[in-house]
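Undergrad: Structure incoming, see below.
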Amino acid sequence: MDEWQPPPFLARWLTITEAEVELAAGDPAAAVVRLDSGPPLDPSSSQAPERICRSRALLALGDPEAADEVLAVLRDERRQHGSVVEMWLLTALAAGRLREDGRSTDAVRRALQAAEPEGVRRPFVTLDQERLPRLLLRAKEMQLGSGQFLDSVLEDLGAVARRPPSTSSLPVPLTDRELSV
């Protein structure tokens, strides 16, 4: 008797889940290996979950350019997918690491616009807890999202308590890049 094999979509889902476990365990390199060794993608299915997972792993490995490139297909799609908030937040993080502050700010704005109607919070609290709060504080200062929703997300992150003291009297604070120059 042949050993049972799961349908391709289920095998792919399992591979992505195992890669997410590798990420949660702090091993992004193993997550990339797992994604590369899994069953091939079905071109007719949504690739968003795998692309999101791969982008997170590449960011964790310090390759924001590759992480951003992986997300490009999703940003170009006309249809909405369930991972749109996470996709825009990862885009913001990658653009921020690439010192593309304008694109990073725009991506945060888009993430907030996509998250607010349904109160989506998970991507905000599961992604880069070092950089994301700073991007959200900047969005608040620039009034990019609904004050109430953004305040509640920042409260969830505890970012308000970690807010650095203001270094200038400018209405919009300088970006990390501007400060370093």
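Undergrad: Note the full-extension length gain between residue 11 and residue 116 as 0.36 nm times their separation in residues minus their Cα-Cα distance, in nm to one decimal. Let's see the in-between values first.
TA: Numbers: separation 105, 0.36 × 105 = 37.80 nm, distance 3.27 nm.
Length gained, residue 11 through residue 116: 34.5 nm.
Undergrad: Another question about this same structure. Shape call for region 64-154 from the C-alpha gyration tensor, a ≥ b ≥ c root eigenvalues: rounded (a/c under 1.5), prolate (a/b greater than b/c) or oblate? Mind dumping the intermediate values first?
TA: Numbers: a/c = 1.69, a/b = 1.21, b/c = 1.40.
Judged from the Cα gyration tensor, region 64-154 comes out oblate (a/c at least 1.5, b/c at or above a/b).
Undergrad: Working out 0.36 nm times the residue gap between residue 25 and residue 129, then minus their Cα-Cα distance, what length gain in nm do you get to one decimal?
TA: On the way: separation 104, 0.36 × 104 = 37.44 nm, distance 1.55 nm.
Extra length available between residue 25 and residue 129 comes to 35.9 nm.
Undergrad: I need the Kirkwood Rh of region 1-156: take the reciprocal of the average 1/r across all distinct C-alpha pairs and report it in angstrom.
TA: Details: mean 1/r = 0.0615 Å⁻¹.
Taking every pair of different Cα atoms in region 1-156, averaging 1/r and inverting gives 16.3 Å.
Undergrad: Moving to a separate point now. Starting from 0.36 nm per residue, how many nanometres of slack lie between residue 3 and residue 66 once their C-alpha separation is accounted for?
TA: Working: separation 63, 0.36 × 63 = 22.68 nm, distance 3.75 nm.
That works out to 18.9 nm of additional length.
Undergrad: Quick one: what do you get for region 1-70 if you divide its Cα Rg by 2.2 N^0.38 Å? Walk me through the numbers on the way to the answer.
TA: Details: Rg = 12.8 Å, N = 70, 2.2 N^0.38 = 11.1 Å.
Ratio of Rg to 2.2 N^0.38 Å for region 1-70: 1.16.
Rule-based calculations on the coordinates, nothing more; no lab input. The structure presented is a predicted model; accordingly, all values stated were derived computationally and were not measured.
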